[in-house]
Structures are given as C-alpha cells and as structure tokens.
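The block underneath contains the structure these notes are about, expressed in structure tokens.
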Amino acid sequence: MGEEKSNQQVEQYSIAFGLTFNKYYVESYSENTLDLIDDFIDHYEVNGFKGWVGKVAPSNRVPENYENRDDLIRKANKYNLWHVHIGDPRWETPTHGKFKTSEWVLQLRRMGKKIILLELSWHNPMLLPNDAILEEDFIDV
C-alpha cells in the first residue's frame, strides 16, 4: 500500500508592501508597531484572515454620517480596499466579543489571496490611502 497523493491544493497567502508603506516600515514605525504588523503578517501568510484576533473588514462599509461617504465607497470598491485592526496602541474588546478592535488599522488592497499593505492609519474617522499610494508599485515580501 503506497501513499495516496492528495489533489488538494495548499492555500497560498502572500503579502506585498506598497513602496510608501515599505519606506515607513523600514524607517519610521516604532518597535511595538513593527511587532504588531509582523504578528499580522505571520498570521496571514499561514491562515489568511481566518482566525485573526482583530476585526477585518472591507473599507466600503462607511458610516452614514461621513460627508464624503459615496466617494469613499466608490474608491474602496475600485481598489478592493480593506482594513485590519492590529492592536495598536492596544486591543479593545467590544461588548459583542466577536473580535477585537484598535485605534490604528492597516489599510490594504486585497487581490485574491495576495494583499498589498498600503498604509497604517487612524480608524475613526478613517481616510483611505491617496491615489498616488494606490497606484504605486509594490514589493513582494
């Protein structure tokens, strides 16, 4: 009896850094912030978003009270923008307890199982990355 070969493909999750994000990652972020970003990267490369402790959401879910809501939704849809809470400066547990949130989020572009990290930004009110960042090249990590 030989080994059976599996036809199942292994999930391949990958990450890239936008050029601006890479610059800040290398030159500017604190050690604590880098550790939190790296924790997310390590998790994503193995599991994708599944099981991440923080909230992960498409950025087209814009609160009704935002004046530029329609523009933000259009932009988020055009570039398939998402954001993920990374616990910076600390984790907060909402009353529902389904996931944790934080004041800072990683802004990213989702391209199937590949994500491009674009920016670290304040969550509320959240500004989407500018057009220059959205159109720039990226580096696979």
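Report the residue count in region 126-140 for those that are surrounded by 15 or more Cβ atoms within 10 Å (Cβ to Cβ) and of a type in the set (Val, Ile, Thr). Counting residues in region 126-140 that are surrounded by 15 or more Cβ atoms within 10 Å (Cβ to Cβ) and of a type in the set (Val, Ile, Thr) gives 1. In region 97-113, the qualifying residues are those that are surrounded by fewer than 16 Cβ atoms within 10 Å (Cβ to Cβ) and basic (Lys, Arg), and the one that is nearest to Ile73 (Cα to Cα) is Lys113.
Being at pLDDT 95 or above and in a strand (DSSP E or B) holds for only one residue in Val26, Val84, Val46, and it is Val84. The residue that is surrounded by the fewest Cβ atoms within 10 Å (Cβ to Cβ), among those in region 115-125 that are closer than 21 Å to Ser30 by Cβ and among the aliphatic types (A, V, I, L, M), is Leu120.
The residues listed here are Glu103, Glu119; of these, the one that is closer than 25 Å to Thr33 by Cβ and touching an Asp or Glu at 6+ places or on another chain (Cβ under 8 Å) is Glu103. Taken as a whole, the condition of being modelled with pLDDT of 95 or more and under 23 Å from Glu92 (Cβ atoms) applies to Leu34.
Answer yes or no: is there a residue in region 68-88 that is buried (at least 16 other Cβ atoms within 10 Å of the Cβ), among the β-branched types (Val, Ile, Thr) and either over 19 Å from Pro129 (Cα atoms) or in contact (Cβ under 8 Å) with a residue 60 or more places away in the chain (or both). For region 68-88, residues buried (at least 16 other Cβ atoms within 10 Å of the Cβ), among the β-branched types (Val, Ile, Thr) and either over 19 Å from Pro129 (Cα atoms) or in contact (Cβ under 8 Å) with a residue 60 or more places away in the chain (or both): absent.
Within region 93-141, being closer than 26 Å to Asn68 by Cβ and of a type in the set (Val, Ile, Thr) holds for Thr101, Val105, Ile115, Ile116, Ile133. Per the listing Arg74, Arg61, the residue uniquely basic (Lys, Arg), farther than 16 Å from Ile15 by Cβ and not in a loop (DSSP other than H, G, I, E, B) is Arg74. Across region 88-98, a minimum of one residue is classified as outside any helix (DSSP H, G or I), at pLDDT 95 or above and closer than 21 Å to Phe17 by Cα. Go through the residues of region 107-114 one by one and say whether even a single one is touching a His at 6+ places or on another chain (Cβ under 6 Å) and under 20 Å from Tyr29 (Cβ atoms). Yes: region 107-114 contains one or more residues that are touching a His at 6+ places or on another chain (Cβ under 6 Å) and under 20 Å from Tyr29 (Cβ atoms).
The values are calculated or read from the model by the stated rules, or taken from the named source; none is laboratory data. None of the values given here were measured: they were computed from a predicted structure. A quick note on method: Cβ atoms are made from the backbone with ideal geometry, for glycine too, and the neighbour counts reach across all protein chains shown.
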